[in-house]
């Protein structure tokens, strides 16, 4: 089983924290800490809070302050200002769905571990030329899924991925069995209805199942 890390200094280490990185959308900032605590109680001590809602930055700040056993990161970083704002809020890592030079520059400038998003071989090669060896593969299922990642392991053996997008508890083990996959990103650990209802028991149970995928 992978060792739980509570601090990371490189993107490669991010891939070793948990077999599943919860990708979380929060509409109410008061849900942030209970959700993070429930995930941690289930053995998943990492959370990617997406910058898709107005409360995301405050949610990151609260989790960083109140759930120190959990690594909190910002996802859906799509503009340079997002990288800067996330770092200021206390994010410990950054994740993008895709890459532009300006986003790569801004994310790198924060000094935080960073998973740049790619979906093609050319994108992966371009990002690798910038010195990145740990990448997000998004949208995973729509971009070819397990078969695609298996096919590029030969020509791009130095790269490792966190595939995200359309992955389920059933498909996650197939991804995790690939030599070039360190972890997967998933939304299923924090269902919208469970988050809204404050059903932390359900979230903890889903986290326990996800943590067990480490084998």
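FYI, it's all coordinate maths here, none of it is from the lab. Predicted model, so just to flag it, every value in this text is computed and none were measured. Cβ sites come from the backbone with ideal geometry, for glycine too, and all protein chains shown count toward neighbours.
The peptide list 8-16, 172-180, put in order of mean Cβ contacts within 10 Å with the highest first, becomes 8-16, 172-180. Look at 137, 114 and count the other Cβ atoms within 10 Å of each Cβ; fewest to most, that gives 114, 137. Ranking of 50, 7 by neighbouring Cβ atoms within 10 Å, starting from the fewest: 7, 50. Where (i) 17.3; (ii) 16.8; (iii) 18.2 are the candidate values, the label of the one calculated here for Kirkwood radius over Cα pairs in Å is (ii).
The stretch between residue 28 and residue 205, if pulled fully straight at 0.36 nm per residue, gains 61.5 nm over its current Cα-Cα span. Mean-square fluctuations from a GNM of the chain, with a 10 angstrom spring cutoff on Cα atoms, peak among 154, 133, 166 at 154.
Compare 68, 22, 163 in a GNM of the chain, Cα atoms joined below 10 Å, and give the one with the largest fluctuation. It is 68. Short-range pairs are left out: with C-alpha atoms under 8 Å and at least six residues apart, the relative contact order of the range 1-138 is 20 percent. Helix content alone sets the calculated 222 nm mean residue ellipticity of the chain: runs of n ≥ 4 DSSP H residues at -39500 (n - 2.57) each, divided across all residues, give -11000 deg cm²/dmol. Going by neighbour counts of Cβ atoms within 10 Å, the residues 209, 101 line up, fewest first, as 101, 209.
Computed extension gain for residue 126 through residue 188, at 0.36 nm per residue and net of the alpha carbon distance, reaches 19.2 nm. Computed over the chain with a Gaussian network model linking Cα atoms closer than 10 Å, the most mobile of 36, 88, 59 is 88.
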